[in-house]
Amino acid sequence: MGDPAGIGGEIILKSLPHLRKDSIPVVIGDFIAMKAHAGSIFGDTALPFKDFGEGRTGDAEFIDLSLIDKIEFGTISAMYGEASYKYVIEALKYVFSGEVAAVVTCPISKAALRLADVPFAGHTELLAHYGGTEEYVMMMANRDMRVSLATIHIPLKDVPEALNANEILKTISITHRSLKEYFGIKNPSLKVCGLNPHAGEQGSIGVEEKFIEKAVTFAQSQGIDVSGPFSADTLFYHKDCDAFVAMYHDQGLIPIKTVDFAGTVNITLGLPFIRTSPGHGTGFDIASKGLADPTSLVRAYRMAEKMITRLD
C-alpha cells in the first residue's frame, strides 16, 4: 500500500472493482490506514477484504501488518517510512515463496525512508538489493511510449560522473531483452538520448556523447537495433521506436508523463520477479480528500498480469 500517509490506500480501494478479473489482488499494509481511507472517501469504514488464504473466492485479500498506531495523512514520519519499507519486505516473502506472482507497489516517500534510516533511496534500489542483482533498469511505460533510464535517483550534478559506456550498455541490453521477454516484441528498436544539449554538437557542448556512442556501437555489434545519441529536445517528438533510453531521471520522465501522466507505469527490469508501480508519487497534498486518480495503479496491475502471461 506504500506510505500509509499518502494516497496508496485510496487508489487501492478505488482500483479494486477493476482488478477482480484475471487474478486475486493481495494487499499488504495496515488496516488502520485503510479504514481511515474508506471513511474519508466513502463515509464507510467497512473494507472489501478477506484475510489472506481464507475463502479464495476472487475477492481481494489483505495482510495486516499492524505497524502503525495512528494515521495522520500528508505527514512525513519515520514510523510511516519504516512501515512502507516493511510492507515491501513482506511482499517479497510471498513472491519468493511463489504464493504471489508479482509485486505492485504503491508510492513511498523517500524522505520518510531516510527518517526511518532505511538504507535505500527508493523502491527500485531496495528491490534490486533483495532480488540479488546489480543489473537492473527503471522503465516508465504507457500506451504511447516506453523510456528506460541510465541513472535514476541521484542529484543532477552527479549524473555525468555516474555515466559510462558500461552503464549505458547495460541499460540498452536489459531494455532490449525485457522488450522481447515481457512485451513480446521480436526485434525491438531503441533510440538513445545524448546527455548534453544538441547531443553535445560534436564536442562543442560536452564530450560525454563519446562514451554514449561507444555503448551504442557495441550494442549494435551484438545485434541490437539501437541508434543514437540523439538530441533529447526533439527525440521524443517522433515516437518511432519501441523504447527510448534517457541519461537521467527528468530527461526521460518529463516527456512520458506529459504525454499520459495518469496512465504511466513504473517497471523495474532485470529483477528475478515482476514489479510494477504507479508512475506518480505519494500525493501527500491530496491524501484522504478523495481526489486521487487510480488509473496508474490499475494500469500497473494490468501490466503485471500481462508480463506474467508472457512468461507463461
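The values are calculated or read from the model by the stated rules, or taken from the named source; none is laboratory data. Note that the structure is a prediction, hence the values are computed from the model and not measured. Here the Cβ is made from the backbone with ideal geometry for all residues, glycine too, and neighbour counts use every protein chain on show. The area values use the complete protein model at the heavy-atom level, side chains included, leaving out ligands, DNA and RNA. Shrake-Rupley method; radii C 1.70, N 1.55, O 1.52, S 1.80 Å.
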Tell me which of these ALA246 doesn't satisfy, since it passes every other one: (1) hydrophobic (A, V, I, L, M, F, W, C); (2) more than 29 Å from ASN164 (Cα to Cα); (3) crowded, with 23+ Cβ neighbours inside 10 Å; (4) within 18 Å of the chain's Cα centre (by Cα). (2)
Write out, first by first residue and then by second, each pair whose Cβ atoms fall under 7 Å of each other, whose residues are 6+ apart or on separate chains, and whose first residue, in the range 219-246, is among the polar types (S, T, N, Q) while the second is assigned to a strand (DSSP E or B) and surrounded by fewer than 23 Cβ atoms within 10 Å (Cβ to Cβ). SER227/LYS191
When the range 288-309 is examined, which residues are found to be in contact with a helix residue (DSSP H, G or I) (Cβ under 7 Å, 6 or more places away or on another chain) and of a type in the set (A, V, I, L, M, F, W, C)? ALA292, LEU297, VAL298, MET307
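Residues checked against (1) closer than 24 Å to PHE31 by Cα; (2) open to solvent by 40 Å² or more (accessible area, probe 1.4 Å); (3) modelled with pLDDT under 95; (4) in contact with a Lys or Arg (Cβ under 6 Å, 6 or more places away or on another chain):
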site	(1), (2), (3), (4)
CYS106	yes, no, no, no
ALA112	yes, no, no, no
PRO119	no, yes, yes, no
GLY122	yes, no, yes, yes
GLU134	no, yes, yes, no
For the range 207-227, enumerate the residues that are at pLDDT below 95 and either open to solvent by less than 70 Å² (accessible area, probe 1.4 Å) or assigned to a helix (DSSP H, G or I) (or both). GLU208, GLU209, LYS210, PHE211
Any residue that is closer than 24 Å to LEU19 by Cα and buried (at least 17 other Cβ atoms within 10 Å of the Cβ) - is there at least one of those in the range 65-80? no
Residues in the range 8-34 that are touching a strand residue (DSSP E or B) at 6+ places or on another chain (Cβ under 6 Å) and either closer than 13 Å to ILE71 by Cα or part of a loop (DSSP other than H, G, I, E, B) (or both): how many? 2
Kindly evaluate LYS239 against the criterion of being modelled with pLDDT under 95, open to solvent by 50 Å² or more (accessible area, probe 1.4 Å) and in a loop (DSSP other than H, G, I, E, B). yes
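Here is a yes/no grid of residues against (1) surrounded by fewer than 24 Cβ atoms within 10 Å (Cβ to Cβ); (2) modelled with pLDDT of 95 or more; (3) of a type in the set (Ser, Thr, Tyr):
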site: PRO4; (1), (2), (3): no, yes, no
site: GLY8; (1), (2), (3): no, yes, no
site: LEU16; (1), (2), (3): yes, no, no
site: LEU19; (1), (2), (3): yes, no, no
site: ASP22; (1), (2), (3): yes, no, no
site: ALA36; (1), (2), (3): yes, no, no
site: SER40; (1), (2), (3): yes, no, yes
site: GLY43; (1), (2), (3): yes, no, no
Given the structure, is ALA101 within 21 Å of GLY279 (Cα to Cα) and surrounded by 20 or more Cβ atoms within 10 Å (Cβ to Cβ)? no
Would you confirm whether or not the range 250-264 contains a residue that is closer than 30 Å to THR217 by Cα, of a type in the set (Ser, Thr, Tyr) and surrounded by fewer than 21 Cβ atoms within 10 Å (Cβ to Cβ)? no
